[in-house]
Every structure is written in structure tokens, then in C-alpha cells.
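Below you'll find the structure, written out as C-alpha cells, and then a few comments.
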Amino acid sequence: KYKNRSLSKITYNHESIHLQQQLDFVGGVEQLYVLGGIIFYIWYFIEWLIKLIISGFTFGKVKAYKSVSFEQCAYHNDQNLGYLTYRKRFHWLKYVFKLVR
């Protein structure tokens, strides 16, 4: 169904933000991208699980997903197509202690 559809600029920017977040873990060294990705997804899962538990499972998986700091940062900035040109490393950390309701 989606095989021949291209990504919108906003979706492409959102996913590019996630790539940069992964590179944060390895000092921006693209050759270490796989290691950054592994650390990123481990952090992602742990944060998602903690936020799901903290909420008492009351606001569901979708809200827990949107409460993950990586997602909050990406959703907050994905419509700003110039964001990656001035983005500071570890900018997503400011969302770690925030829950989306």
C-alpha cells in the first residue's frame, strides 16, 4: 500500500531529527551510527516503559509513546525544516521529565 508513496518533508525532517538524536550518543561520529542507534533504542524503550508505569497505565501506549523525550522533541520541531541546521546536541533531554497528557 505504501510502497510507491514518498515521505512528506515534515515526516522526512522528523525522522532526520531521530537520526541526529542517535548520533548524539556517539559524539556525532557517523561511522559509529549503529552504536548510537543501539543506545538510542535501549534508552527509548526504558523511557517509554517508565512513563507507561508512572502514568499507572491510565493514558495508554500512544500517550506513553508521545511522552518519550525523543518523540516530544521531534514532534515539536518537525515542521521547522531548518531545525537541524541550528539544533544543539542532546536538545531532547529537556523533555525527559515531561509527560504528554
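Structure notes:
- Any hit, the stretch 12-19, residues being part of a loop (DSSP other than H, G, I, E, B) and touching a residue at least 40 places away in the same chain (Cβ under 8 Å): no
- Residue match in the stretch 62-80 (condition: outside any helix (DSSP H, G or I), in contact with a Leu (Cβ under 9 Å, 6 or more places away or on another chain), surrounded by 14 or more Cβ atoms within 10 Å (Cβ to Cβ) and in contact (Cβ under 8 Å) with a residue 40 or more places away in the chain): no
- Some residue of the stretch 83-91 being out of contact with any helix residue (DSSP H, G or I) (no Cβ under 7 Å at 6 or more places or on another chain) and not hydroxyl-bearing (Ser, Thr, Tyr): yes
- If only residues of the stretch 30-61 that are at pLDDT below 90 and aliphatic (A, V, I, L, M) are counted, the one that is most open to solvent (accessible area, probe 1.4 Å) is ILE54.
The values are calculated or read from the model by the stated rules, or taken from the named source; none is laboratory data. Bear in mind that the values here come from a model prediction, so they are computed numbers and not experimental data. All Cβ positions, even for glycine, are placed from backbone atoms using ideal geometry, and neighbour counts span all protein chains on display. All accessible areas refer to the heavy atoms of the entire protein, side chains included, with ligands and DNA or RNA removed. Shrake-Rupley method; radii C 1.70, N 1.55, O 1.52, S 1.80 Å.
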